[in-house]
Amino acid sequence: MFDSGFGGLTVARALIDLLPGEDLVYLGDTARYPYGPRPLEEVAGFAEQIAELLVHRWNVKLLVVACNTATAAALESLRDHFDVPVVGVIEPGARALVEATETGRVAVIGTIGTIDSGAYQRAAAAVSEDLDLVALACPGLVEFVERGEFASEQVRLLAQRLLQPAVDAKVDTMLLGCTHYPYLARTIGDVMGRDVVLVSSADETAFDVRRLMLDTGLARERRSGGRATFVTTGDVNWFEELGRKLLGPELDRAERIHWP
């Protein structure tokens with residue numbers, strides 16, 4: 001699985017808990033984060049490069065695109081290009097959003113690339129045509145997470161400004177359409193109010209992966225003993241230090257990949 005940086009660790013945490021017998025390889029492309037402001041064509045190129053590495057070096061049996069921007073940019077092309085199943089985070093999140101709302105007034109927040117792609121808007125409409133959806137790009141939030149800054153006054157003020165249209169729309173459910181955003185859930189929840197349900201696609205994606213592996217016979221029979229490998233394209237010490245805080249003790253060390 002891969003992400004532009006640390007956000008996909010929310011998905012990794014869920015997968016480690018749900019499938020403790022599986023080996024996991026996580027690549028955080030921290031040398032080129034954030035993906036959100038980049039053109040989708042460029043992100044698609046990054047995604048294909050990373051997928052080639054994961055499939056051929058580690059011989060993975062399933063690939064998780066644990067990044068909303070990369071899912072929007074490259075999911076279908078990756079599915080066409082590789083022989084292993086490829087799971088993204090957008091469709092599971094959209095289903096969870098529809099299941100959670102009671103009023104049909106919902107919001108999705110994400111990076112500029114994800115929101116501008118329309119991927120969540122299309123995915124939600126495919127599940128239900130009765131939604132009143134507010135889609136908000138939230139530039140700057142990923143950078144706070146990548147610095148390990150989750151509850152400062154600065155991030156709270158930025159969240160207030162960015163999320164005001166959703167507050168005004170009186171949504172009852174908000175989808176955190178970036179895997180970095182669950183780390184800001186408390187701040188986002190404070191801005192939106194306690195009556196608004198926050199939905200993360202991380203757990204739903206992990207459930208989809210487990211269901212797919214069981215249905216296709218890819219799942220291992222063992223119930224423990226899986227090994228987690230972590231790879232970064234950027235600074236290893238930073239990745240290990242912040243990643244350990246975000247994920248837990250499973251991230252004891254990481255290795256560096258240098259792109260040619």
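Computed from the coordinates by the stated procedures, all read-outs in this text should not be read as laboratory data. Note that this is a predicted model, so its numbers are computed, not measured.
For region 50-118, the equivalent ellipsoid derived from the alpha-carbon gyration tensor has semi-axes of 28, 13, 9 Å in decreasing order.
Placing one equal scatterer on every Cα of the chain and applying the Debye formula, the log10 ratio I(q)/I(0) at q = 0.07, 0.09, 0.15, 0.16 Å⁻¹ is -0.22, -0.37, -1.06, -1.20. If I model region 162-215 as equal point scatterers sitting on the Cα atoms and use the Debye formula, what is log10 I(q)/I(0) at q = 0.23, 0.30, 0.32 Å⁻¹? One equal scatterer on each Cα of region 162-215 leads to -0.85, -1.20, -1.29. Region 35-66 and region 79-142 have Cα centres lying 19 Å from one another.
With a ≥ b ≥ c the root eigenvalues of the C-alpha gyration tensor of region 78-182, is it rounded (a/c under 1.5), prolate (a/b larger than b/c) or oblate? Working shown, then result.
Numbers: a/c = 2.25, a/b = 1.18, b/c = 1.90.
Here region 78-182 falls in the oblate category.
Within the listed set Glu22, Glu91, Glu102, the residue fluctuating most in the Gaussian network model of the chain (springs between alpha-carbon atoms under 10 angstrom) is Glu102. Between amide H atoms placed 1.01 Å from N, distances below 5 Å from Leu198 occur with Met174, all of them 5 or more places distant or on a separate chain.
Only helices reaching 27 angstrom along their own axis (Cα) with mean Kyte-Doolittle hydropathy no lower than -0.5 count here, and not one DSSP H run of the chain does.
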